[in-house]
Amino acid sequence: MADQQVRTGEDRRPTEIPAIRWEEPPEGPVLVLLDQTRLPAEEVELVCTDASALVEAIRSLAVRGAPLLGIAGAYGVALAAARGFEVDDAARALEEARPTAVNLSVGVRRARAAHQAALASTGDPTAAAVATLAAARALHREDAEGSVRMAAHGLALLDELLPAGGHRVLTHCNTGSLVSGGEGTALAVALAAHRAGRLRRLWVDETRPLLQGARLTAYEAARSGMAYTLLTDNAAGSLFAAGEVDAVLVGADRIAADGSVANKVGSYPLAVLARYHHVPFIVVAPLTTLDPDTPDGASIEVEQRPGYEVTEIAAPQVPVTGAGGGIPVAPLGTQAYNPAFDVTPPELVTAIVTEAGVVSPVTAEALAALCTGSCQVATG
């Protein structure tokens, strides 16, 4: 079950965007999410009291972004344990909520493993619930710490590739505080460049059909005082041709063992454009996004979203008439192709930036070496 509550500007610091938090009111523990479908029009929080409400929030994209999905999944298992629900059922439902982002499985299985280990050693459901929450909080903390390291590695790479400074960076979808326990992945690198006085311009792809760039990245950039400009996805080619892009920074939802990168649909065309125009295409993602069990790009399951996300436009606080709750922009009955992600082959990726360092060139051998002793395989 999920309830809503509106948060005012007095409840947070000017640039703080808490996308997720655990609370323990008198009536029992809850997971509180910033509803990203309502941004930027209003800041509304969803209060989840069980895993089924969290599953719905994940599927509706109220909570999204690969690292944050891992954190949410872990907290969802902890929520089931704390409230006395069947943990295995909750874990299974959470894992199946979205198929492409491997972080979700990693988070769920890490929390579930902690629950099983504690239950086996103590036989006490309460102690097992405490251990599960501790595992979720540890993942949350590690993600925030990793975000800081990714930002530092990414900025150093930008400075190395672009020694003239004044970086003009193009990004796609949303990769900031809204997808992370910290300041994000790719957008954290841009933010580090901004703070260092080396970001000349952040180009923000609108990111159709759900406009995560326009609604979320622009929202974060504005709050952080970054110099940014929004463009439609199909204007990116014109921007490259004009010589206005120095680097592309994107996140990832799954990175296969060979270095193929699944990210928000529209990333692959940017990689092709970047290669043609000799512009670095840089992927920033935590180690939890690397999946050694997925051998190559063809093995990545790409989530297919409902067609109404393409045939309708969602507009918060505007009367709607479409079947999906949006404003129709195509004739009734129009078929739509709507993959949530596309896959970029490793030969088009200049570098992958993780909290453990930078991989460039991107090869299966280099990723395996980085992963040794670090990557968590989603098994069990």
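Values quoted throughout were computed directly from the atomic coordinates according to the rules given, and no laboratory measurement underlies them. As the structure is a computational prediction, the values presented were derived from the model and not from experiment. Note that each Cβ is placed from the backbone with ideal geometry, even for glycine, and that neighbours are counted across all protein chains shown.
Which residue fluctuates most in the GNM of the chain (Cα springs below 10 Å): 241, 188, 285? Result for the chain, Cα springs under 10 Å: 241 fluctuates most. Here segment 147-371 is described by how far its Cα atoms reach on the three principal axes: 50, 40, 35 Å, from widest to narrowest.
Springs between Cα atoms under 10 Å define the GNM used for the chain, and in it the highest mean-square fluctuation of 34, 270, 231 occurs at 231.
Let me check I've understood the local charge: for residue 309, count other residues with C-beta under 15 angstrom from its C-beta, Lys and Arg +1, Asp and Glu -1. What total comes out?
+3
Within segment 71-101, which residues have the backbone N less than 16 Å from the label spot 7 Å out from residue 302 along Cα→beta-carbon, could you tell me? From segment 71-101, the list is 99-101.
Considering only 45, 244, 220, the mean-square fluctuation computed in a Gaussian network model of the chain, springs between alpha carbons under 10 angstrom, is largest for 244.
Might you report the magnitude of the Cβ-based charge dipole of the chain about its Cα centre, with Lys and Arg at +1 and Asp and Glu at -1, to the nearest 20 debye? Please report the intermediate quantities before stating the final value.
Working: 28 positive and 44 negative charges, 148 e Å.
Roughly 720 debye for the chain.
Classification of segment 2-143 by its C-alpha gyration tensor yields a prolate form. The axis ratio a/c (a ≥ b ≥ c) is 1.5 or more, and a/b outweighs b/c.
Summing Lys and Arg as +1 and Asp and Glu as -1 over all other residues whose Cβ lies under 13 Å from the Cβ of residue 368 gives a net charge of -4. Using just its DSSP H runs of length 4 or more, each adding -39500 (n - 2.57), the chain gives a mean residue ellipticity at 222 nm of -11500 deg cm²/dmol after division by all residues. Taking every DSSP beta bridge that has both ends in segment 147-371, the antiparallel portion is near 40%. Ordering 260, 144, 197 by the projection of their Cα atoms onto the charge dipole of segment 140-276, which places +1 on the Cβ of Lys and Arg and -1 on the Cβ of Asp and Glu, puts 197 at the extreme positive end.
Report, in debye and to the nearest 20, how large the dipole of segment 37-138 comes out about its Cα centre when Lys and Arg carry +1 and Asp and Glu carry -1 on their Cβ.
So the dipole magnitude of segment 37-138 works out to roughly 320 debye.
Among beta bridges from DSSP that stay inside the chain, the antiparallel ones total about 55%.
Please say if segment 163-295 is rounded, prolate or oblate, where rounded means a/c under 1.5 for a ≥ b ≥ c the square roots of the C-alpha gyration tensor eigenvalues, and otherwise the choice is prolate for a/b larger than b/c and oblate otherwise?
On the way: a/c = 1.44, a/b = 1.20, b/c = 1.20.
Verdict is rounded for segment 163-295.
For the chain, the Stokes-Einstein estimate of translational diffusion at 10 °C and a viscosity of 1.306 mPa s comes to 76 µm²/s, using the Kirkwood hydrodynamic radius over alpha-carbon pairs.
Lys and Arg at +1, Asp and Glu at -1: add these up for the other residues within a Cβ distance under 9 Å of residue 169 and post the number. Present the calculation step by step, with values, prior to reporting the outcome.
Details: positive: 168, 200, 201; negative: 246.
That sum, taken over residues with Cβ under 9 Å, equals +2.
Proximity of backbone amide H atoms, modeled 1.01 Å from N, is registered between residue 313 and 327, 329 at under 5 Å, excluding neighbours fewer than 5 places apart on the same chain.
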